[in-house]
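Novice: Below is one structure. I have some questions about it.
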Amino acid sequence: MSEKTKNPAAGKKAEGLRVPWLLSVEYEYAAGHFATRFFQELRDNGRIWGVRCPGCQRVYIPPRPVCGICAGKTGEWVEVGDEGVIVGCTVVNVPFIDPMTGEQRPIPYGFAIIRLDGASTALYHFLEETDPKKLGVGKRVKAVFRPERKGTLLDIKHFRLLD
Amino acid sequence: MDGEVTLPAPGQVAILGAVQTRYEAGKPHQTYNELVHEVVDQLLTETGVALKEIQSIVSASQDFFDGRTISGMAINEVAGGYLNSESKVAGDGIQALIYGAARILAGAYDLTLVVAHCKESEGQFHQITSTMFDPYVERPLGLDEHIAAALQARRFLGVSGAAEADLAAVSRKNHRHAMKNPLARRSGDFSIEEILASAEIVSPLRDLLAGPITDGACAILLGSPERARASRRPVSWIAGMGSSTDAYWTGRDLAASAALAQAAERAFAAAGIRKPLDDLRVVELSARYAHEELLYLDALGLGNGAAAKARLATGDFDLGGKLPVNPSGGALTGNPTCVAGLARVAEIHLQLTAAAGQHQVKDARTGLAHGASGICGQSQTVVVLRGDAPQRT
C-alpha cells in the first residue's frame with residue numbers, strides 16, 4: 001500500500017461525529033365540528049357527550065363524523081355517564097413534558113383506557129390512583145372535573161377509583 | 001425507454017368523479033378528517049357509490065404538516081378504510097392516483113378512492129419545509145422551500161433569458177383564470193406592475209409569484225371499465241401515465257427538468273400523443289412558483305421550439321387560447337402541498353366531462369395533469385386523460 005492510499009485512520013479508534021439539531025414546530029389544530037361541541041360540553045356543563053350511529057347504534061366517544069364499521073354518517077348526540085369501567089391501565093414512571101403546557105408532568109401518574117357507561121368506544125385518561133396493585137381491568141371509575149375549565153380534554157382532571 | 005413497461009392502454013382505468021374543497025387561507029372550523037369527510041361525502045353523492053362498496057383507498061398526506069406520524073390513519077374512518085385496504089403516499093396526490101390506478105389495472109379492485117389533504121395553516125411552513133433538506137450541510141444554513149425555489153428561479157431567469165416580467169405574466173394569467181373558479185384561494189385582475197410591486201419574499205420571488213399558505217382537500221374515485229359503463233355520469237379515462245425522479249437538487253441543472261421530459265415521454269407514448277401542442281386541449285400544471293410554469297412548459301415541449309414565454313405573450317395559454325394552461329388558476333393561486341397534483345387531475349376530469357363551469361375549455365377531449373414533489377420538483381409525474389364522448393359545451 002502506497003503512502004497516498006493508506007488510510008490515515010488505520011489503527012485509530014473510529015471517530016463518529018454527530019450533528020446536533022433542535023427542531024421546534026408549533027401547531028394550532030382546529031378542533032372541528034365534533035370535538036368543539038364535545039369540549040364545549042366539558043367546559044360549560046361538566047358533561048360528556050358522544051354521537052350515536054343510526055345503523056349499529058354504537059355510541060362514539062369522542063364524537064366523530066363517520067361510523068367506520070357501518071361506513072355511514074353518525075347521527076344524534078347523546079350524553080354518556082361520567083362513570084365507567086377500566087379496559088386497560090398502567091402507571092407511568094417516565095418524566096414527560098406536557099405538550100399543552102410545556103411543563104414536566106409529575107411522576108408517577110396513572111393512565112387508563114376507560115369505557116364510560118353508555119359509550120361503545122373507550123376514552124384514554126389519567127387516573128388519580130398511582131399504585132399499580134390497586135388498579136385493574138374491570139374496576140369502576142368516575143370523572144373528576146376541574147372547577148375552572150377551558151374547553152380541553154384536561155377539563156377532566158382525572159378519573160377516581162370507585163371500588 | 002429501454003426495458004420499460006409502458007402502461008396502460010387507453011380505457012383501462014376511468015375517473016368516475018372528482019371533488020375538491022374550496023381552497024382557503026385557513027379552515028378553523030374543520031379538523032383534517034372533517035375536511036376529508038367533506039370531499040368524500042360529496043364524491044359519493046355525485047357518483048352514487050356507497051362508502052361500503054369501496055374496498056381500496058390510497059391517500060396522500062404529509063405527516064409533518066399534519067403534525068402526526070401515520071397521518072393516513074387519522075382519516076381512515078371517513079375514507080372508508082375500516083377493515084379495508086388503505087395505503088398512504090407521503091408525496092404528491094398524483095402519485096397516489098397512479099398507485100390507485102395500478103390497483104385497478106392489477107384487477108385487484110374495481111373501485112379505488114384516492115384522497116389528498118393538507119392544512120398548511122396549522123403548522124409553520126418554514127420549519128416544516130426546512131426538514132426536506134439534509135441535516136449535515138443544508139439545514140444549518142436555514143433553507144426552506146421558498147429559498148430553494150428562489151435560487152431555482154434566479155437560475156432559470158439567467159439561463160432562459162426570461163425576465164421577471166415574464167414571471168409576472170404567468171401570475172397575471174393564472175390569477176385572472178382563478179376569477180372564474182369559485183374554489184380558488186386567490187384571484188384578481190392584477191397588472192404586471194402590481195405583481196412586480198407585491199411584497200418580496202425571497203428575491204426574485206414575490207407574494208404574487210408564489211402560491212400562498214392554503215388548506216384544502218381533493219378526492220377522486222377510480223373505477224374499472226365495468227364500473228365506468230355503469231356510471232350514470234360522464235367519466236374520463238386515464239390514457240397514459242409517466243413518472244420520473246431526477247438527481248438531488250444540488251446535482252442537476254435547476255433551469256431544466258429532465259425528469260418531467262421523461263415522465264411526459266412515457267405518458268405521451270402510452271396515450272398516443274405525438275404533437276402535444278396540437279393533440280392536447282387543456283393542461284393543468286403543478287407550479288406553485290411562477291417560474292416553474294415556464295420551466296415545465298419548456299420541458300413538456302409546449303414551447304414548440306420557442307421558449308414558453310413567447311407563447312404566453314401571444315395568449316396561447318389563456319382560457320380561450322390555443323392550449324389553455326391552468327384554466328383553474330393552478331397551484332400559484334393556492335393549492336396545498338400533497339393536494340396540488342391530485343387537484344390537477346380533478347380539474348382535467350372536470351374539463352373532459354364538461355363540468356368545469358365558468359372556466360370550461362371548449363371542446364376539451366384530451367388533457368394533461370401534472371404533479372411534482374421534492375426539492376425544486378425532483379420528482380415529476382404526468383397523467384394524460386381523455387373524455388368519454390364528444391362534449392356538448
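Novice: Scan the stretch B:119-136 for residues that are out of contact with any strand residue (DSSP E or B) (no Cβ under 7 Å at 6 or more places or on another chain) and not aromatic (Phe, Trp, Tyr) and jot them down.
Specialist: Residues satisfying the conditions are B:GLU122, B:GLY123, B:GLN124, B:HIS126, B:GLN127, B:ILE128, B:THR129, B:SER130, B:THR131, B:MET132, B:ASP134, B:PRO135.
Novice: Continuing with this model, one more query. Consider B:GLY93 carefully, then state whether it is buried (at least 20 other Cβ atoms within 10 Å of the Cβ), in contact with a helix residue (DSSP H, G or I) (Cβ under 9 Å, 6 or more places away or on another chain), within 17 Å of B:TYR32 (Cβ to Cβ) and modelled with pLDDT under 95.
Specialist: When the stated conditions are applied, B:GLY93 does not pass them.
Novice: Mind listing just one residue for me: the one in the stretch A:5-26 that is aliphatic (A, V, I, L, M) and within 12 Å of chain B (Cβ to nearest Cβ) and, of those, farthest from B:GLU120 (Cα to Cα)?
Specialist: Out of the qualifying residues, it is A:LEU17.
Novice: Here's another thing I want to ask about it. For B:GLU120, only one of the following conditions fails: (1) surrounded by 21 or more Cβ atoms within 10 Å (Cβ to Cβ); (2) in contact with a Lys or Arg (Cβ under 8 Å, 6 or more places away or on another chain); (3) within 14 Å of chain A (Cβ to nearest Cβ). What is its number?
Specialist: All conditions are met except number (2).
Novice: Further question on the same structure: Given the criterion surrounded by fewer than 21 Cβ atoms within 10 Å (Cβ to Cβ) and among the small types (Gly, Ala, Ser), identify the matching residue among B:ALA219, B:ALA258, B:ALA210.
Specialist: Matching residue, one of B:ALA219, B:ALA258, B:ALA210: B:ALA258.
Novice: Now a separate question. From (1) in contact with a His (Cβ under 7 Å, 6 or more places away or on another chain); (2) at pLDDT below 95, pick out the condition that doesn't hold for A:PHE126.
Specialist: That leaves (2) as the condition not met.
Novice: Give B:GLY91, B:GLY80 a once-over and let me know the one that is in a loop (DSSP other than H, G, I, E, B) and more than 14 Å from chain A (Cβ to nearest Cβ).
Specialist: Step by step, each of B:GLY91, B:GLY80 is checked, and only B:GLY91 is in a loop (DSSP other than H, G, I, E, B) and more than 14 Å from chain A (Cβ to nearest Cβ).
Novice: May I ask you to list the residues in the stretch A:112-163 that are among the acidic types (Asp, Glu) and closer than 17 Å to A:VAL80 by Cα?
Specialist: Within the stretch A:112-163, A:ASP117, A:ASP155 qualify.
Novice: Among the residues of the stretch A:70-84, how many are within 14 Å of another protein chain (Cβ to nearest Cβ), of a type in the set (D, E, K, R) and farther than 30 Å from B:GLY123 by Cβ?
Specialist: Going through the stretch A:70-84 one residue at a time, the tally reaches 0.
Novice: Which residues, taken from the stretch A:27-69, are away from chain B (no Cβ under 14 Å), on the phi > 0 side of the Ramachandran plot and in a helix (DSSP H, G or I)?
Specialist: none
Novice: Out of B:GLY305, B:GLY301, I need the residue that is in contact with a Leu (Cβ under 8 Å, 6 or more places away or on another chain), among the small types (Gly, Ala, Ser), over 20 Å from B:LEU209 (Cβ atoms) and modelled with pLDDT under 95. Which one?
Specialist: Only one candidate qualifies: B:GLY301.
Novice: Still on this model: From the list B:ARG288, B:ARG274, B:ARG281, B:ARG266, which residue is free of Cβ contacts under 8 Å to residues at least 40 places away in the same chain, of a type outside the set (Ser, Thr, Tyr) and at negative phi?
Specialist: Of B:ARG288, B:ARG274, B:ARG281, B:ARG266, the one residue that is free of Cβ contacts under 8 Å to residues at least 40 places away in the same chain, of a type outside the set (Ser, Thr, Tyr) and at negative phi is B:ARG274.
Novice: Sort out which residues of the stretch A:70-100 are part of a loop (DSSP other than H, G, I, E, B), under 26 Å from A:PRO132 (Cβ atoms) and free of Cβ contacts under 8 Å to residues at least 24 places away in the same chain, and write them in order of number.
Specialist: Result: A:ASN93, A:VAL94, A:PRO95, A:ASP98, A:PRO99.
Novice: Now for a different question. Is it the case, given these coordinates, that B:GLY329 is assigned to a loop (DSSP other than H, G, I, E, B) and farther than 14 Å from B:ALA169 by Cβ?
Specialist: Considered against the rule, which asks whether it is assigned to a loop (DSSP other than H, G, I, E, B) and farther than 14 Å from B:ALA169 by Cβ, B:GLY329 comes out as yes.
Novice: Here are B:GLY211, B:GLY188: which of them is within 30 Å of B:THR31 (Cα to Cα), without any contact (Cβ under 8 Å) to a residue 40 or more places away in the chain and of a type in the set (Gly, Ala, Ser)?
Specialist: B:GLY188
Novice: Could I ask something else about it? Could you tell me which numbered condition B:ALA102 fails, if it satisfies all but one of (1) free of Cβ contacts under 8 Å to residues at least 40 places away in the same chain; (2) within 11 Å of another protein chain (Cβ to nearest Cβ); (3) among the hydrophobic types (A, V, I, L, M, F, W, C)?
Specialist: So the condition that B:ALA102 fails would be (2).
Novice: Now, a different point. Test of understanding: among A:ILE113, A:ILE107, which residue is of a type in the set (Val, Ile, Thr) and under 16 Å from the mean Cα position of the chain (by Cα)?
Specialist: Just a single option satisfies the conditions, and that option is A:ILE113.
The rows are residues; the columns are (1) among the aliphatic types (A, V, I, L, M); (2) out of contact with any Leu (no Cβ under 7 Å at 6 or more places or on another chain).
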site: A:GLY75; (1), (2): no, yes
site: A:ARG105; (1), (2): no, yes
site: A:TYR109; (1), (2): no, yes
site: A:ASP131; (1), (2): no, yes
site: A:VAL137; (1), (2): yes, yes
site: A:VAL141; (1), (2): yes, no
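Novice: Could you figure out which of (1) in contact with a strand residue (DSSP E or B) (Cβ under 6 Å, 6 or more places away or on another chain); (2) facing chain A (nearest Cβ under 8 Å) isn't true of B:LEU51?
Specialist: (1)
Novice: Looking for whichever is in a loop (DSSP other than H, G, I, E, B), hydrophobic (A, V, I, L, M, F, W, C) and either at positive phi or crowded, with 17+ Cβ neighbours inside 10 Å (or both) here; the options are B:LEU295, B:LEU323, B:LEU312. Which one fits?
Specialist: The match here is B:LEU323.
Novice: Answer yes or no as to whether B:ALA219 is of a type in the set (Gly, Ala, Ser) and under 30 Å from B:ALA102 (Cα atoms).
Specialist: So B:ALA219 fits the description; yes.
Novice: Right, here's the next one. Among the hydrophobic types (A, V, I, L, M, F, W, C) and either surrounded by fewer than 19 Cβ atoms within 10 Å (Cβ to Cβ) or over 29 Å from B:HIS37 (Cβ atoms) (or both): which single residue out of B:VAL137, B:VAL115 fits that description?
Specialist: B:VAL137
Novice: Failed condition for A:LYS133, given (1) part of a loop (DSSP other than H, G, I, E, B); (2) of a type in the set (Lys, Arg); (3) more than 14 Å from every other protein chain (Cβ to nearest Cβ), with all others met?
Specialist: (1)
Novice: Given the options B:SER71, B:SER56, B:SER61, name the one that is polar (S, T, N, Q) and surrounded by 24 or more Cβ atoms within 10 Å (Cβ to Cβ).
Specialist: Result of the check over B:SER71, B:SER56, B:SER61: B:SER61.
The values are calculated or read from the model by the stated rules, or taken from the named source; none is laboratory data. A quick note: this is a predicted structure, and the numbers were derived from the prediction, not measured. Cβ atoms come from the backbone with ideal geometry, glycine included; neighbour counts cover every protein chain shown.
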